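Here's the structure we're looking at; comments come further down.
The values are calculated or read from the model by the stated rules, or taken from the named source; none is laboratory data. Here the structure is a predicted model, which is why all the values come from computation and not from measurement. Quick reminder, even Gly has a Cβ in these numbers, built from the backbone with ideal geometry, and neighbours come from all protein chains shown. Side chains included, ligands, DNA and RNA excluded: accessible areas come from the protein's heavy atoms. Shrake-Rupley method; radii C 1.70, N 1.55, O 1.52, S 1.80 Å.
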Amino acid sequence: MELYNFFRSSASFRVRIALAVKGLDYVYKPVHLQKNEQLSESYSAVSAARLVPLLKDGDATLTQSMAIIEYLDEVYPEPPLLPKSPLERARVRALSQDIACEIHPLNNLRVLRYLVKDLKLSEDDKNRWYRHWVETGLEVVERQLAAQPSTYCHGDTPTLADCVLVPQIFNAQRFDCRTEHVPNVMRVFDALMKLPAFDRAQPKNCPDFE
Ligand SMILES: N[C@@H](CCC(=O)N[C@@H](CS)C(=O)NCC(=O)O)C(=O)O
């Protein structure tokens with residue numbers, strides 16, 4: 001397998017975690033987002049959306065981090081990243097989407113660039129935008145973790161939701177977002193970062209880290 005990704009990309013980080021949890025080897029293909037390599041002709045030829053991550057598995061090309069993780073979970077079921085019961089699976093997917101669909105897209109690189117370049121927001125206003133959506137979005141996760149506390153987002157083994165949570169917290173910390181108001185989220189984050197697979201996948205351990 002080949003993973004096209006970028007050390008700082010949180011959607012890429014989700015997939016790196018899943019691959020590490022499952023102990024799967026892959027070739028790391030860096031796509032430098034700050035240098036706009038995602039917009040290059042060669043990358044556009046494989047990625048319709050011109051986004052990372054993208055996973056090549058043999059002749060197949062997979063996109064969208066959560067779809068990639070679910071694919072990996074189906075093809076390499078151990079250890080599972082989704083619980084067995086439909087209701088529990090729905091909860092894990094909902095928690096994942098609370099982050100991946102409700103927070104992350106508002107703070108993606110192309111959105112931030114549009115705010116600054118086209119709408120002429122100052123760096124300070126852009127950062128306020130970023131923090132607002134992270135801080136309010138994490139509250140939604142906090143309320144759910146507080147209502148049903150467990151070691152990780154759902155239960156005592158890591159799930160898809162944990163693969164999505166950890167990179168979002170790295171982003172929150174990079175942009176100095178408040179996290180004191182989400183103690184359960186941070187408790188789960190700390191527990192996850194003690195797991196070798198989560199640690200191995202983090203940006204500073206990537207070959208393109210700078
Ligand atoms: N929903 C997509 C999001 C992918 C995405 O937004 N990737 C970002 C990096 S985290 C990217 O490639 N951004 C490039 C850009 O904004 O130009 C997924 O989960 O894979």
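Within segment 2-18, if we keep just the residues that are in a strand (DSSP E or B) and of a type outside the set (A, V, I, L, M, F, W, C), the residue that is farthest from the ligand (Cβ to nearest atom) turns out to be E2.
If the condition is being open to solvent by less than 30 Å² (accessible area, probe 1.4 Å), touching a Leu at 6+ places or on another chain (Cβ under 6 Å) and farther than 25 Å from N5 by Cα, then segment 154-187 contributes V182, V185. Apart from one condition, V52 fits all of (1) outside any loop (DSSP other than H, G, I, E, B); (2) within 11 Å of the ligand (Cβ to nearest atom); (3) open to solvent by less than 30 Å² (accessible area, probe 1.4 Å); the exception is (1). The criterion of at least 1 residues that are acidic (D, E) and at pLDDT 95 or above is met, among helices (runs of 4 or more DSSP H) falling completely within segment 107-210, by 123-147, 160-174, 183-193, 196-200.
Here is a check on your reading of the model: is L195 on the phi < 0 side of the Ramachandran plot, open to solvent by 30 Å² or more (accessible area, probe 1.4 Å) and within 17 Å of the chain's Cα centre (by Cα)? In short, yes. The set of residues in segment 19-47 that are in a loop (DSSP other than H, G, I, E, B) and more than 12 Å from the ligand (Cβ to nearest atom) comprises K22, G23, L24, D25, Y26. Applying the criterion of being more than 13 Å from the ligand (Cβ to nearest atom) and touching a residue at least 24 places away in the same chain (Cβ under 8 Å) to the residues of segment 59-79, the residue that is least open to solvent (accessible area, probe 1.4 Å) is L72.
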